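Student: The structure that follows is given in the form of structure tokens.
Bear in mind these aren't lab numbers, they're just calculated from the coordinates by the rules spelled out. Everything numeric in this text was worked out from a predicted model, so none of it was measured. Ideal geometry is used to build each Cβ from the backbone, glycine not excepted, and the neighbour counts take in all protein chains shown.
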Amino acid sequence: MKILLINPSLHQATTGQYKEDVEKGRGIYPPLGLAYIAAVLEKNNHQVKMIDYDIEGSEAEIKIENICRDFKPQIVGFYAMTWSYRQAKRIAKKIKEINKNIITLIGGPNTTCLPKAALEFGDFDFGVLGEGEETVIELIEKLEEKNNLEFEQILGLVFKKDEEIIINPPRSFIKDINSIP
């Protein structure tokens, strides 16, 4: 599958909330969680592109439109903290306007803490709780009909079924972090 991963801007979401010296010292951090997800996806023979709003800046929106047009991702995944959820929600809506068939999923601390709200208030088809490396692979295999799991059997998954939001039990933490590519 072709997958686009998006890290909404932590900087844009929080600028102005803290004293200027704290803002400057905070810096920009790489989206390590998304990088782990990308590595696992690539190891499982998926094509992955990533957009980090804090690196791309004002060019991010144009890049997303170009990637949706040229790369044609089947899935777009978002990482969101609570303060970047609004931006993720806005981008997901735009992606669904570009192509309503693109599957959108959201993970990160906001979804883990507020799984029902994450799906209820945004244009997201699925949510991922906690560490998403194994959950995302099982979800994609289900979507590709490569496993016999039902959505209800995928640990750490949140999804909509008949207008209801289903929150599956969480998945255990990965015991050996060195097993992640």
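Student: Taking trypsin sites (Lys or Arg not before Pro) that fall in a DSSP loop and have at most 12 other Cβ atoms within 10 Å as cut points, what is the longest piece of the chain between them?
Tutor: Working: sites that count: K19, K100, K146, K175.
Formally, the longest exposed-site-free interval is 20-99.
Student: Moving on. With a cap of 15 neighbouring Cβ atoms within 10 Å, and only residues DSSP puts in a loop, list the chymotrypsin sites (Phe, Trp or Tyr not before Pro) found in the stretch 40-138.
Tutor: Filter output for the stretch 40-138: F71, F121.
Student: Using only the Cα atoms of the stretch 126-175, what do you get for the radius of gyration and for Dmax, in Å?
Tutor: That works out to 10.5, 35 Å for Rg and Dmax.
Student: Helix 85-98 versus the longest principal axis of the chain: what is the Cα-based angle in degrees, 0 to 90, to the nearest 10?
Tutor: Here the helix axis deviates by roughly 60 degrees.
Student: Residue by residue, what Karplus-based ³J(HN,Hα) values in Hz, rounded to whole numbers, does the stretch 134-148 have, using 6.51, -1.76 and 1.60 with θ = phi - 60° and x for Gly and Pro?
Tutor: 6, 4, 4, 5, 5, 4, 5, 4, 5, 5, 8, 6, 9, 9, 9
Student: Which of the lysines could be linked to K142 by a straight reach, that is with a Cα gap under 18 Å, when you skip same-chain ones fewer than 8 residues away?
Tutor: K2, K43, K160, K161
Student: Can you run phi through the Karplus equation (6.51, -1.76, 1.60; θ = phi - 60°) for the stretch 37-50 and list ³J(HN,Hα) in whole Hz, with x for Gly and Pro?
Tutor: 4, 4, 5, 5, 5, 4, 4, 9, 6, 9, 8, 10, 10, 9
Student: In addition: Size of the chain along its principal axes in angstrom, Cα-based, largest extent first?
Tutor: Principal axes ranked by extent give 52, 37, 35 Å for the Cα atoms.
Student: Just the Cα atoms of the stretch 28-124: what Rg and Dmax do they give in Å?
Tutor: Final numbers for Rg and Dmax: 13.0, 35 Å.
Student: On to the next question. If each of K116 and S58 carries a label point 7 Å out from its Cα toward its Cβ, how far apart are those two points in nm?
Tutor: Label at K116, label at S58, 4.2 nm between them.
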